[in-house]
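The values are calculated or read from the model by the stated rules, or taken from the named source; none is laboratory data. Every value quoted in this text rests on a predicted model; they were computed, and no experiment measured them. A quick note on method: Cβ atoms are made from the backbone with ideal geometry, for glycine too, and the neighbour counts reach across all protein chains shown. Please note that ligands, DNA and RNA were not included when accessible areas were found on the heavy atoms of the full protein model with its side chains. Shrake-Rupley method; radii C 1.70, N 1.55, O 1.52, S 1.80 Å.
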Amino acid sequence: MIFANPNYLYLLLLLLPAVAWYLWKQSGAQASLQVPALSAFGKMTASYKKYLRHVNFAILLGAIAMVIVVLARPQSTDNWSKSNTEGIDIMLSLDVSGSMLAADFKPNRVEAAKDVAAQFINGRPTDNIGLVIFAKESFTMCPMTTDQAVLLNLLKDVNTELIDGNATAIGNGLATAINRIKDGQAKSKTIILLTDGTNNSGDVAPVTAAEIAKTFGIRVYTIGVGTIGTAPYPARTPYGQIVYQDMKVDIDEPTLKDIAAITGGKYFRATDKGKLSQIFEEIDQMEKTKISVREYSKKQEEYLPFALAAFALLLIHILLRNTLLRSIP
C-alpha cells in the first residue's frame, strides 16, 4: 500500500505528546478525602471504570490516527510488470462478389471464409485486426482494432449484397487494406487477401497495389478460393427458384502469386473449407512477433476502511463519555 499524501503521516507523531500530557494529567488528578480511619476501605476493589477511562482515551487516539491516515490517502500498490507477448497489425481483405456464393464450400465460399476468419481472429487476442470487403468496389468494414467482439460482429454481417457483386476489383481491395494498415504502430504489418476470381474492375491494378504495399513494408498473403475445374454456382430461374449450375472456376493465380512474391508473402490455394482452415493456421504460425508490453494496474483509493474505523471509534468514545464515564460537575 502507498499513500498519495505521505507527509500527513508525520501528524501521527503528535500523538506522543498527547499521551505524555494525559499521563501527566492523571498523576496529578487524584482527589483527597480526609477520613478518621482506612479500615472501612480496606476490602474495596477498584471499579472497572478506573481502567475504562484509560481505554476510552486510547479509543480517542485511535480515531485521530485513523483520520490522519485518511488524510494521507492510502492507495493500492501500483503493479508494473514487463512481459513479452505477440502482436502485429493485420488487415483481412475479403472478396464478396457474387461468385463467392458458389457451393463448393459448405454452405458457400463467403460463409466458409467468415467461419475460418473468425477462428483466426479468436486465436490472436493481442493483434490489431481490421476488415476490408471488395467486389466491384471496396470499403472498410472495420478499421484495425483489438476489440474482437466488435470485429466479429461486423464480420458476421458480411454478405454478397453489401456491394455490387457483378465484378471483382482485387487491386482496389488490396489498396484499401494498405491505406488502413500503413500507419499502424506495429513493426510487422500483414494483409490476408482472399478472392475467388480475376481482377476485372477497379482503378488500381493488383500488381501496382502490391508495389505500394512493398514500399510500406507490408507483407501480403493471397488465397485463391475454389475447387479445381468447376463449381456449382447459384442461379435464379424465371420463377424465382434457386438452382445450381456447374461453372468453370476462374482464379487468376499468376497475379495472386505475383502479389505475394512482390511483398514477401505467400500464395495459397484453398479447394475446401478444411484446406482453408489449414492455410489460416499456417499464416497464424508464420506471423508471430514478440513485443515488450508494460502492464499497469490502476491505483485504487483505500481510505474507506480507515474512515469507517475513525467514525466507529469516535462514536464509541462519545457514547462512553456520555454514559458509563459521564462526569459529574
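Below, the figures for the structure above:
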| item | result |
| --- | --- |
| Single residue of the stretch 213-231 satisfying the filter (in a strand (DSSP E or B) and open to solvent by 40 Å² or more (accessible area, probe 1.4 Å)) that is modelled with the lowest pLDDT | Thr230 |
| Of all residues making up the stretch 125-140, the number that are within 22 Å of Thr198 (Cα to Cα), within 25 Å of the chain's Cα centre (by Cα) and either open to solvent by 30 Å² or more (accessible area, probe 1.4 Å) or basic (Lys, Arg) (or both) | 1 |
| Among (1) part of a loop (DSSP other than H, G, I, E, B); (2) at pLDDT 95 or above, the one test that Ala210 misses | (1) |
| Any hit, the stretch 181-190, residues being part of a loop (DSSP other than H, G, I, E, B), within 28 Å of the chain's Cα centre (by Cα) and hydroxyl-bearing (Ser, Thr, Tyr) | yes |
| Contacts under 7 angstrom Cβ, first residue in the stretch 309-325 being in contact (Cβ under 8 Å) with a residue 40 or more places away in the chain, partner open to solvent by 80 Å² or more (accessible area, probe 1.4 Å), 6 or more apart | Leu324/Lys49; Leu325/Lys49; Leu325/Arg53 |
| Test: residue in the stretch 222-240 that is touching a residue at least 24 places away in the same chain (Cβ under 8 Å) and under 32 Å from the mean Cα position of the chain (by Cα) | yes |
| Among the residues listed as Gly130, Gly202, Gly165, the single one being more than 23 Å from Gln278 (Cβ to Cβ), part of a strand (DSSP E or B) and touching a helix residue (DSSP H, G or I) at 6+ places or on another chain (Cβ under 6 Å) | Gly130 |
| Test result for Thr255, more than 23 Å from Arg124 (Cβ to Cβ), open to solvent by less than 70 Å² (accessible area, probe 1.4 Å) and among the polar types (S, T, N, Q) | yes |
| Qualifying residues in the stretch 98-127 (those that are charged (D, E, K, R) and part of a loop (DSSP other than H, G, I, E, B)) - the one nearest to Met247 (Cα to Cα) | Asp104 |
| Residue satisfying all of: in the stretch 144-197; hydroxyl-bearing (Ser, Thr, Tyr) and surrounded by 16 or more Cβ atoms within 10 Å (Cβ to Cβ); farthest from Val110 (Cα to Cα) among these | Ser188 |
